[in-house]
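For reference, the structure discussed in these notes is given below.
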Amino acid sequence: FFSVRSSVTKMVYLLAYKKGQQLKSFLTLDEATQFKTASNIEDAQIYNIAFSPAVSGDGGTNEATNLRRLMYLSKSTEPELVNGTYLAEMAGIATLRNQHIGVSGFLMYSDPFFFQVIEGTDEDLDFLFAKIGIDPRHERCIVLANGPATGRLYGDWHMKDSHIDSIPPPPAMKTILYQIARSFSSMWSYLPKSAGNTLLLGKDPAQQPPEPMSVVITFIYLVEFSAILSHPGLTEQCAEVLSTFVDVCVRNIEGSGGNVAKFITGICMAYWPINRAEDALTSIAQISEDLGQLRGQQPPGSALSLMYSRAGVHYGRAMLCNAGTRKSDFTLLGDCINTASRVASLAVTLKSPLLFSFEVRCLLGDEMREEIESAGMHQVKGRDKPVVVYQFPGPELDSETVRQKIEEFNPGRYRCQMPVMDFDSLHPTQKPPIFDETPKDQPKPRTPAWSSTNRRDSLVDKLTMIAKLAGTSAVSTGDSSLITLTYISHSTRPITRMDLSSIQRSALRRNAQQNITGCLLYVTGLFVQTLEGPKDAVVSLYLKIRADSRHTDVVTVHMAPIQDRVYPSAWSLTNTSEEMLSAFPPLQDVLSQLAKSFTSLETYVPSTVVRYLTAGNNPRSLMPVSVGIVMLATDICSFTMLTEKSSLTEVWMICNTFIDACTSSVITNGGEVIKLIGDCVTAYFPPHGADGAVVAAQEIFMFCAQLREAFSDVLDVRSCISAGIGLDYGQCVMAQAGTLGLTEYVVAGSVSARVMEVEALTRDVARAIVVTEPVADRLSPQMRDNGLIPCPQAIEGIPCYGIAGEDFELDIDSIKRGIKNLHAMRAGEKMHMPDDAEQEAHYKQAQQDFRVSPGRVRRADSGRRSNSAQGRRGAPVR
């Protein structure tokens, strides 16, 4: 945009520290230096910024005006028309408009993306950005930064020079901007809605404090979806069923003022504000009606004719927050979430398509209250007090009838639009990167003496996998196949010209020997580098670069095979010289904000999508596949009892601590996190990754034990955290779901539901880790030497085994007693301490319920199959 010139120019010194999260301005350099020294700030940089005072609409200056600066990224809808003349016409109109309303800024175009910054008052920016948002010349308008400004940075900038082709930086800039913008824009649709709204305000979701709120929460189930998954004739239609379910839910929930929190296989979790209770019930009922109409419109053989919905609704206080750091989720936490899930489960028993609690009834108007009827008072799992529920009168929805209909269904010759392919039958170049195939050391069983300092850097493993993926996608030319890699990072300290000269000298000497070319750009604290060369050489160099202490937050934004080099000459290094910045001052802001937002976004997107995207592919082309996986599920024992008398802040702290430990263990041992669902974490490992899954489970349980020990002497909820972990193996479908702006990469299969039952079995058999027989069969002899104890119960006829050893015993009664004592001591009540007779009776009962002889401990050197058969015969089918 054009801006009004001002003859008055001022200078301000800006001190940036805590990785740019904290900013403080000073009028002189001495003031900034003194503050930095007095505050003992080490990771800080001082910038001198010249700016013009705010310009009012009548042409006068008003320095008291509160300025705001907004930066956004968008995609052109007519890139073939954008040229110098096109931008000049935009500039002419912008000049007249901005002179009138007092807005300055710039607009840069890099085919096919616009990068724009506008500066002005809140009122002026809101007016202008509202018009920008509905401009048909661009789409997918994503805010990168939006915050207060101490003065104008671009008061003299003119848009006529802002086409990327007219900027004098190195040729790499156009490619770098395109790669970052493309990756950022593609990942946006996978972002949770709440996190997306936070980014639209120019904020980092991970840095936002938890936000307590009153919400109407629901869980909407796709009835008997597990039966569809297990039907051999319907497997190829699962992706289409899920995508249709996502679209129907998104259309009705967001259309009624609600927000989709997440999709969990065939389950939708959503919420509405407190004043939208009636809209919530209406939209849920409309979802059921839409699926009914859809069933009647399907041709013979379509699995869409088998789609029914069931929902449970509850109201309460929850906390909207960011959970996790290594892999994040912007989600709702609170006791009301668990209650809503219990109400949804109760709807199955009561054969009701829509069931809601008494708390929701209290929010309804008189007219809707007259339409509902009581469904009675019922006891639900995890709550001491019964729950009163209500429903709308209407026909029942019997899950057994739906299951029978699915089992008898014959798809015939029907072919769906999104067929699911067998993963193992695909060519290596067609396989989606669902597994981290990086070679790792053989996982070893963990013991309490194990230290977390021995963990591998799984992020390096993941990026090595990206390189491996890029290599397999290239034309097969052996180790000499060319790849290109672009990454962004932030410097850990100010980089001087001498530092840059040193980097250049060592790089020229080293990279010439390895036949690596490329470009390194340094822009005021930000590194952007592109490497080109043989696959093995580039990966080896990149892993060394990652370990360099001069930068941090290293994120790959692009990696793909290439036929020819973009940089055929010797390796070069470019820093932002004064001439370059004087020709194009906004460059450093574009790169810095885009890199910062991209780094935040990457943690919310499924790893499979990130790997596929950074390998130069369009995530929309990810093929639905059916594959066998080892699935892990874990949650906090007695979480409802622990949190129902805890503050929302404590609930967030519990979940965040637990989720961080789980995701770290899973990723470190070669797994992929699927979903973070409150206190529950689900993940998967490759078929040969059973050892890694068990090691991850052991790490999770031992972390909880160490956490309890650390807080044993204080009244802290973390002193009562324990977990059960279930492992199962089976076929699942991995596919994209959703076309209406919200996209989910789902992992669905009968194993998804069964592993939750395996995890629940840990409480009954007093074993922290329980695995099914298919998982046990995939363990290495070294892992089996620790021993597997047959469980007296089976899941769907499949024998289960507990991991042997005193270190992995799970005493659920002791955990519950500890939670009750914690709450009692906090309330000033007397603790309940069982006497010796009570403890002895409990011990004898536990022995009677779960007695294992030494001969039934399953080891590698014993008759494994005979023990397995013995476990099957002696296990009552659950």
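The values are calculated or read from the model by the stated rules, or taken from the named source; none is laboratory data. This structure is a prediction, so every number in the text was calculated from the model and none was measured. Every residue, glycine among them, receives a Cβ derived from its backbone with ideal geometry; neighbour counts consider all protein chains shown. Ligands, DNA and RNA are stripped out before the accessible areas are found, and what is left, the full protein with its side chains, is counted by its heavy atoms. Shrake-Rupley method; radii C 1.70, N 1.55, O 1.52, S 1.80 Å.
Within segment 307-324, none of the residues are farther than 21 Å from residue 269 by Cβ, open to solvent by 10 Å² or more (accessible area, probe 1.4 Å) and of a type in the set (A, V, I, L, M, F, W, C). Hey, could you check segment 326-359 for residues that are among the small types (Gly, Ala, Ser) and within 24 Å of residue 191 (Cα to Cα) and say which is surrounded by the most Cβ atoms within 10 Å (Cβ to Cβ)? It comes out as 340. Name the residue that is farthest from the chain's Cα centre (by Cα), counting only residues in segment 241-261 that are in a helix (DSSP H, G or I) and surrounded by fewer than 21 Cβ atoms within 10 Å (Cβ to Cβ). So, considering only residues that are in a helix (DSSP H, G or I) and surrounded by fewer than 21 Cβ atoms within 10 Å (Cβ to Cβ), the one farthest from the chain's Cα centre (by Cα) is 255. Of the numbered criteria (1) out of contact with any strand residue (DSSP E or B) (no Cβ under 7 Å at 6 or more places or on another chain); (2) at pLDDT below 70; (3) exposed (fewer than 14 other Cβ atoms within 10 Å of the Cβ); (4) not acidic (Asp, Glu), the one residue 158 fails is (3). Could you check segment 199-216 and list, in sequence order, the residues that are part of a helix (DSSP H, G or I), open to solvent by less than 30 Å² (accessible area, probe 1.4 Å) and modelled with pLDDT of 70 or more? Hit for segment 199-216 is 205, nothing else. Filter segment 94-125 down to the residues that are open to solvent by 10 Å² or more (accessible area, probe 1.4 Å) and β-branched (Val, Ile, Thr), then identify the one that is modelled with the lowest pLDDT. If we take residues in segment 94-125 being open to solvent by 10 Å² or more (accessible area, probe 1.4 Å) and β-branched (Val, Ile, Thr), then 95 is modelled with the lowest pLDDT. Entry remark, segment 702-731: residues being closer than 28 Å to residue 797 by Cα, out of contact with any Leu (no Cβ under 8 Å at 6 or more places or on another chain) and either buried (at least 24 other Cβ atoms within 10 Å of the Cβ) or among the basic types (Lys, Arg) (or both) number 3 in total.
Scanning segment 636-649 for residues that are under 22 Å from the mean Cα position of the chain (by Cα) and open to solvent by 30 Å² or more (accessible area, probe 1.4 Å) turns up 648, 649. Exactly one residue out of 285, 277 is open to solvent by less than 30 Å² (accessible area, probe 1.4 Å), touching a residue at least 40 places away in the same chain (Cβ under 8 Å) and either among the aliphatic types (A, V, I, L, M) or farther than 23 Å from residue 368 by Cβ (or both): that is 277. Within segment 737-751, is there a residue that is modelled with pLDDT under 80, open to solvent by 10 Å² or more (accessible area, probe 1.4 Å), over 30 Å from residue 435 (Cβ atoms) and touching a helix residue (DSSP H, G or I) at 6+ places or on another chain (Cβ under 9 Å)? No, the conditions are met nowhere in segment 737-751. Any idea which residue in segment 662-677 is farthest from the chain's Cα centre (by Cα), counting only those that are surrounded by fewer than 24 Cβ atoms within 10 Å (Cβ to Cβ) and more than 19 Å from residue 434 (Cβ to Cβ)? Filtering segment 662-677 for residues that are surrounded by fewer than 24 Cβ atoms within 10 Å (Cβ to Cβ) and more than 19 Å from residue 434 (Cβ to Cβ), the one farthest from the chain's Cα centre (by Cα) comes out as 664. Among the residues making up segment 668-691, a single one is part of a helix (DSSP H, G or I) and touching a strand residue (DSSP E or B) at 6+ places or on another chain (Cβ under 7 Å): 690.
Could you please let me know if residue 270 is within 23 Å of the chain's Cα centre (by Cα), at pLDDT 90 or above and not in a helix (DSSP H, G or I)? Considered against the rule, which asks whether it is within 23 Å of the chain's Cα centre (by Cα), at pLDDT 90 or above and not in a helix (DSSP H, G or I), residue 270 comes out as yes. Among the residues of segment 539-559, those that are buried (at least 19 other Cβ atoms within 10 Å of the Cβ) and either more than 25 Å from residue 494 (Cβ to Cβ) or modelled with pLDDT under 75 (or both) comprise 539, 555, 556, 557, 558, 559.
Restricted to segment 484-516, and to residues there that are touching a Gly at 6+ places or on another chain (Cβ under 7 Å) and open to solvent by 10 Å² or more (accessible area, probe 1.4 Å), the residue that is modelled with the lowest pLDDT is 490.
Being open to solvent by 30 Å² or more (accessible area, probe 1.4 Å) and either closer than 30 Å to residue 813 by Cβ or part of a loop (DSSP other than H, G, I, E, B) (or both) narrows it down to one of 371, 367, so name that one. Steps first, answer last, please.
On the way: 367 fails: either closer than 30 Å to residue 813 by Cβ or part of a loop (DSSP other than H, G, I, E, B) (or both).
Unique residue meeting the criteria: 371.
Of the candidates 597, 582, the single residue that is part of a helix (DSSP H, G or I), among the small types (Gly, Ala, Ser), over 30 Å from residue 205 (Cβ atoms) and modelled with pLDDT under 65 is 582.
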